[in-house]
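Step one of this worksheet: look at the structure below.
The values are calculated or read from the model by the stated rules, or taken from the named source; none is laboratory data. Values in this document were obtained by computation on a predicted structure and should not be read as measured data. Virtual Cβ from ideal backbone geometry, glycine too; neighbours counted across all protein chains shown. Only protein heavy atoms, including side chains, enter the accessible area calculation; ligands, DNA and RNA are left aside. Shrake-Rupley method; radii C 1.70, N 1.55, O 1.52, S 1.80 Å.
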Amino acid sequence: MDWSGPLTALLGSLGFSLLFNVRGWRLLAGALGGGVTWALYLALSRLTGEEYLSYGLASLAAALYAQVMARWMKGPASVFLLPCIIPLIPGGMLYYTMLEMVQGHWTQAAQQGVATLKAAGAIAIGLAGASSLEALARAVIRRIMK
């Protein structure tokens, strides 16, 4: 496996963590989460061949990681979630959508735009799924403890 992509994602996530004024071990945890999220996306896309499924599962894993880190490091989950999700944002896809529009290639722009929306939707579904799983786990734990 080529480690340049996950390493670059880790560094990008580190930069965004610094931008969000995260300090200490939380800074490293957020950056590590970004690198691992991107590595997971790459592994899933090679394994399944499904780009949007890979986006969804990687964002699900990122959100679950953020929840675990938030509990462990006693901080808000968003401090960990935002740097983890940054590598997944389909910025390149959006750029190519806009490029096709500027060049007047409306059919290609529409196709690229739909692909961009599918990727963003898969990420959103993964994040919502993690939130649902967390609520389910809390309910099960609460029920077991009674």
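Over the Cα atoms, compute the radius of gyration (one decimal) and Dmax (the largest Cα-Cα distance, rounded to a whole number) for the chain, in Å.
Rg then Dmax for the chain, in Å: 17.0, 63.
Can you pull the percent of the chain's accessible area that's carbon plus sulfur, 1.4 Å probe, other chains left in place? If you can, show how the numbers build up before the last one.
Working: 6300 of 8940 Å².
Carbon and sulfur: 70 percent of the exposed surface of the chain.
For the chain, what is the accessible area per residue in Å² when the probe is 1.4 Å? Let's see the in-between values first.
Working: 8940 Å² over 146 residues.
Using a 1.4 Å probe on heavy atoms only, each residue of the chain averages 61 Å².
Just from its helices, what would the mean residue ellipticity at 222 nm be for the chain, if runs of 4 or more DSSP H residues each count -39500 (n - 2.57) and the sum is divided by every residue, rounded to the nearest 500 deg cm²/dmol? Intermediate results must be reported in sequence, preceding the final value.
On the way: 6 runs with 122 residues, N = 146.
Taken over the chain, the calculation gives -29000 deg cm²/dmol.
Under the rule that an exposed site lies in a DSSP loop and has at most 16 other Cβ atoms within 10 Å, name the longest stretch of the chain with no chymotrypsin sites (Phe, Trp or Tyr not before Pro) of that kind, not counting the sites themselves. Spell out each step's value before the answer.
Values: sites that count: Trp3, Phe20.
With a cap of 16 other Cβ atoms within 10 Å, the longest stretch comes to 21-146.
Karplus couplings for the range 76-91 from phi (6.51 cos²θ - 1.76 cosθ + 1.60, θ = phi - 60°), rounded to Hz, Gly and Pro as x?
x, 5, 5, 4, 9, 5, 4, x, 6, 7, 3, x, 7, 4, x, x
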